[in-house]
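Taken together, the values in this text are just the output of simple stated rules run on the coordinates, not laboratory data. No experiment lies behind these values; they were computed from the predicted model shown. Cβ placement follows ideal geometry from the backbone for every residue including glycine, while neighbour counts extend to all protein chains displayed.
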Amino acid sequence: MSLAKKTALVTGSTSGIGLAMATAFAKQGCNIVINGFGEQSLIDSILKDLKAAGAPDAMYSGADMRKADQIAAMVTDAEKKFGSVDIVINNAGIQFVASIGELPSEKWDDIIAINLTAPFHVTKAVLPGMQKRQWGRIINLASVQGLVGSINKSAYVASKHGIIGLTKVTALENATKGITCNAICPGFTLTPLVQKQLDARAAERNLSPEQAVESLLGEKQPMMKFIETDQLAALAVFLASDAAERMTGVALPMDGGWTAQ
Ligand code: NAD
């Protein structure tokens, strides 16, 4: 079955991995709901690009993923406009690098809210429609940090381990309902989220930009190359396809060898 005319909602899709995911599903002919922060001019140009890429239509929701009522309204608006939400990519996410002693409590709360609690609210809101239609694909952006730990990332690692748990339960509760739920676990991917870590590393250790990249990848990612956002998007399109119909509840790393160590 083709994905054309299905509706794909991608949270946090004004940048990075989410934007690549939205573009990949637009190329499949899906209607697209984008979400995330950004200037109106950026949002307008993304909506235009998505339609040029093949989306019959596209809309934007400015829902803040820390707010349950805004998440519910985003799903209601999308269902009103397109009739259904068939594919969901829970992608919005933030990071903050500090030891447990140095991590401000508000940062812990925000990271857990955006990276873990928001996917729960989105999933809860889309499931009734998916269950009625007996078809749905929920793809959660976890991380290699959902499978292994790293120092100075307590909230992030906890949120990403948590979303893999949520993925398994969503999969099991909907195993006979035509709905699959899987998690993608990327290694370092060069987006604004990682650029911040590179800049901090270069400043702290007095490194050139190239040395910062070598030092970051050298610690964790044996291939010594960033994962490409388009490669992650291609995996998401595969997970939404008929070929992946029997895959559910799994956490798939695309990590340049990180978790093989
Ligand atoms: P990014 O910073 O490029 O994009 C994050 C997106 O989330 C943006 O669109 C931003 O506006 C949106 N966002 C942030 N806070 C929000 C909020 N409160 N409400 C709504 N939207 C909000 O990040 P990215 O690197 O593309 O990360 C996307 C996902 O992939 C995240 O869940 C991240 O944890 C995960 N991930 C990233 C990497 C990596 O190396 N970049 C690795 C593993 C997992």
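Ordering 2, 234, 254 by Cα displacement along the dipole of the chain toward the positive end leaves 2 in first place; charges were set at the Cβ atoms of Lys, Arg (+1) and Asp, Glu (-1). Report the Cα centroid-to-centroid distance between the stretch 72-110 and the stretch 196-248 in angstrom, as an integer. Spelled out, the Cα-based centre of one part sits 20 Å from the other.
Protection proxy ranking, highest mean first, for peptides 96-104, 118-126, 137-145: 137-145, 118-126, 96-104, where packing is the per-residue count of other beta-carbon atoms within 10 Å, averaged.
Extension gain for residue 204-residue 261 works out to 17.8 nm (0.36 nm per residue, less the C-alpha to C-alpha distance). Cross-link pairs exceeding 18 Å between alpha carbons, from the set 5/27; 153/196; 67/107; 132/177; 67/153: 67/153. Seen from residue 1, the other residues with C-beta closer than 15 Å to its C-beta sum to a net charge of +2, counting Lys and Arg as +1 and Asp and Glu as -1.
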